[in-house]
Amino acid sequence: MSTAPDTAKTKADPKADAKAKKAAEAKPAKAAKPAKEVKAKAADADAAPKPAVKKAKVVAKAAPARSAHAESRLAQILIAPIVSEKATMAAEKHNQVLFKVMRDATKPEIKAAVELMFKVTVDSVQTVQHKGKTKRFGKGSGRRDHVKKAYVCLAAGQELNFSGEGA
C-alpha cells in the first residue's frame, strides 16, 4: 500500500514540477520588464529636455526647404498631355484629362501641379505605370521608355482645352 501513494506522488510531481518551472520562468520575465522600464524612464528624465530642443530646431529648418522644393518641382511634374481616343472618351464620360508625368511624381504633387498650371480645381488623381515594350530594330533589340500616366478628374463644369481654339 505504501508504494501506491508514492507512485501517485511521483506521477503528480513531474507535472507539478513542470508547472512550477513555467511559472518560475514567467515570473522573472515579468519582473525584469518593470526594472528595465524604470531605468529607461530615469534615463529619459535626464535626457528629455535636450532632444526636445533639437527636434524643434530641425523641424523649423526643414519646413521652408520643403515648400521651396515643391514649388520648383511642380513645374517639372507634368511632361505632356495625352491626346488619344481613350483620353477623349475619359474626358467625355468622366471629365478627366490624361497627362504623361514624371515616374516618381506622387498623386498630391500631380494635383498641385495641375491646379497651379491651369487654374482649375482637381477632384481626384489616378495613376498608371505603363511598362515600355521590348522592340526589335533590325538585328538589335531595344526597349521603349517606361511611362507614368495620370488620369486627373476635374471638378464639375471645368475643362482644359489643348487645341488652342477659343483662347
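Bear in mind these aren't lab numbers, they're just calculated from the coordinates by the rules spelled out. Everything quoted here is computed from the prediction, not taken from an experiment. We place every Cβ from the backbone using ideal geometry, glycine too, and count neighbours over all the protein chains shown.
Tell me yes or no: at least one residue of region 122-139 is β-branched (Val, Ile, Thr), in contact with a Leu (Cβ under 9 Å, 6 or more places away or on another chain), closer than 20 Å to Phe162 by Cβ and not in a strand (DSSP E or B). No.
A quick yes/no check of all residues on (1) surrounded by 15 or more Cβ atoms within 10 Å (Cβ to Cβ); (2) part of a helix (DSSP H, G or I); (3) charged (D, E, K, R):
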| site | (1), (2), (3) |
| --- | --- |
| Val83 | no, no, no |
| Ala87 | yes, yes, no |
| Phe99 | yes, no, no |
| Asp145 | no, no, yes |
| Val152 | yes, no, no |
| Phe162 | no, no, no |
